[in-house]
Amino acid sequence: MTTYDERASLTDLTATVERVRSSVEGVIEGKPEVVRLSLTVLLAEGHLLIEDVPGVGKTMLAKALARSIDCSVRRIQFTPDLLPSDVTGVSIWDQQRRDFEFKPGAIFAQIVIGDEINRASPKTQSALLESMEERQVTMDGQTYELPSPFMVVATQNPVEMEGTYPLPEAQRDRFMARVSIGYPSPEAELQMLDVHGGVNPLDDLQPVAHAHEILKLIEAVRGVHVAEAVRRYAVDLVSATRTHPDLRLGASPRATLHLLRAAKASAALGGRDYALPDDVQNLAVAVLAHRLLPTAQAQLNRRTSEQVVEEIIQRTPVPTGSQQQRGYGLGSGLQAYGRQPPRRLG
């Protein structure tokens, strides 16, 4: 039963997210699904990887999201000569105190924009691993906590572009979702010329939400109910990637956790305090595809990770009310989902 406080939290979440969404869409025209996924990752306490060709608005999206929230923001321009200490910080000898003093790096912010992350060396990219997973930095045996909320929004060009390094598998796995903006429609591009032709829309962008509001919304998302059938469906999707003949590396248990958290955030954005199989299904490609490694034969056949995940979605049964007799744990009918049954996609 949804309590009054829970209803109030979902109402507050919807209103706050709507303000942020409108603010970001004022800068990024014609891409509502990309903006929604970005907000989903933010409320799910994840990190976002924006991958696309140059000039389609990757950095603009990251900046618009950061400026729409009243919190600390730092940008890191990844270059081949960037050092790990530039990201995490460095200990400097203080002559007066006769001791080392830690100078925090650019990672010490609530929203960190990593621009063209795959232009830095793997050594520098690895400096983000502890920060993204444990939300802390360890330097000279001392651990420093990062602020909350904490989110890394990284952009990168495709690996076939010159002057780039492929992201290590361990780092790709720490990004909750990957999104591709794509080219705008002719109508959206024409509107962009009108809006961006004379002024930079980021200059007039003002915060529409505070960091403490985002923390409350994150707490509300944590309370979203996920039935056992939905959890099992997420596990079935991820498990299928580990045995698929076209993949030499499937998704990790961390991917299952990220998929579940993203599904809870998606449900909250839809005004529900319970997750549906739809939430898992709609996010599976964005959350899983960038973690997978196709086999050499699949690459020769031009099979992409996204195509493999789509195939797995089509083959994996979606839980229904009748499956409670087959161990899906739906309890009394569809009440474990909420008040309405899920729909089947595809």
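Amide H contacts of residue 76 (H built 1.01 Å from N, in plane; Pro and chain starts excluded): 113, 114, 115 sit under 5 Å, all sequence-distant by 5 or more or on other chains.
Rounding to the nearest 20 debye, state how big the charge dipole of the chain is about its Cα centre with +1 on each Lys and Arg Cβ and -1 on each Asp and Glu Cβ. Display every interim value, and only then the final one.
Numbers: 37 positive and 43 negative charges, 224 e Å.
Charge dipole of the chain: 1080 debye, to the nearest 20.
Rounded to the nearest whole Hz, the Karplus-based 3J(HN,Hα) values (6.51 cos²θ - 1.76 cosθ + 1.60, θ = phi - 60°) of the range 182-192 follow the sequence x, 6, x, 5, x, 5, 5, 5, 5, 5, 4, with x at glycine and proline.
Only helices enter the 222 nm calculation for the chain: every DSSP H run of n ≥ 4 contributes -39,500 (n - 2.57), and dividing by all residues gives -12500 deg cm²/dmol, rounded to 500. If you run the Gaussian network model on the chain, springs between alpha carbon atoms under 10 Å, then out of 233, 165, 144 the most flexible one is 144.
Which angle from 0 to 90°, rounded to the nearest 10, does the C-alpha axis of helix 58-67 make with the longest principal axis of the chain? Here the helix axis deviates by roughly 90 degrees.
Rg then Dmax, both in Å and based on the Cα atoms of the chain: 21.2, 73. Of the residues 317, 147, 186, the one that moves most in a GNM of the chain with alpha-carbon contacts below 10 Å is 186. Classify the range 54-206: rounded, prolate or oblate, from the alpha-carbon gyration tensor (a ≥ b ≥ c, eigenvalue square roots; a/c under 1.5 rounded; otherwise prolate if a/b is larger than b/c)? Prolate is the answer for the range 54-206, as a/c is 1.5 or above and a/b outweighs b/c.
The relative contact order of the range 48-199, computed from alpha carbon pairs under 8 Å that lie at least 6 residues apart in sequence, is 32 percent. Share of carbon and sulfur in the accessible area of the range 195-292 stands at 52%, probe radius 1.4 Å. Taking 102, 175, 150 as the candidate residues, the one with maximal mean-square fluctuation in a Gaussian network model of the chain, Cα springs under 10 Å, is 102. Taken one residue at a time, the phi angles of the range 274-286 give Karplus couplings (6.51, -1.76, 1.60, θ = phi - 60°) of 8, 9, 10, x, 4, 4, 5, 5, 5, 9, 4, 5, 5 Hz. Gly and Pro are set to x. Applied to the range 24-37, the Karplus parametrisation 6.51 cos²θ - 1.76 cosθ + 1.60 on θ = phi - 60° returns per-residue 3J(HN,Hα) values of 5, 5, x, 9, 9, 7, x, 10, x, 5, 5, 5, 5, 5 Hz, with x for Gly and Pro. Amide H contacts of residue 91 (H built 1.01 Å from N, in plane; Pro and chain starts excluded): 103 sit under 5 Å, all sequence-distant by 5 or more or on other chains.
Quick one: length gained pulling residue 235 to residue 140 fully straight, 0.36 nm per residue minus the C-alpha distance?
Numbers: separation 95, 0.36 × 95 = 34.20 nm, distance 3.89 nm.
In short, 30.3 nm is gained.
Under 5 Å from the amide H of residue 274 lie the amide H atoms of 225, each residue being 5 or more positions distant or on a separate chain, with H modelled from the backbone and absent for Pro and chain starts. Which of the three applies to the range 169-306, rounded, prolate or oblate, going by the alpha-carbon gyration tensor with a ≥ b ≥ c and a/c under 1.5 meaning rounded? Here the range 169-306 falls in the oblate category.
A 22 angstrom limit on the alpha carbon distance is what I want to check against. Which of 31/63; 123/264; 216/264; 103/123 exceed it? Walk me through the numbers on the way to the answer.
Working: 31/63 15 Å; 123/264 34 Å; 216/264 15 Å; 103/123 20 Å.
Listed pairs above 22 Å: 123/264.
If a/c stays under 1.5 just call it rounded; otherwise compare a/b with b/c (prolate if a/b is bigger, oblate if not). Do that for the range 1-116, with a ≥ b ≥ c from the square roots of the Cα gyration tensor eigenvalues. Oblate.
The values are calculated or read from the model by the stated rules, or taken from the named source; none is laboratory data. Keep in mind it's a predicted model, so treat the numbers as computed, not measured. Quick reminder, even Gly has a Cβ in these numbers, built from the backbone with ideal geometry, and neighbours come from all protein chains shown. With ligands, DNA and RNA removed, areas are computed over all heavy atoms of the protein, side chains included. Shrake-Rupley method; radii C 1.70, N 1.55, O 1.52, S 1.80 Å.
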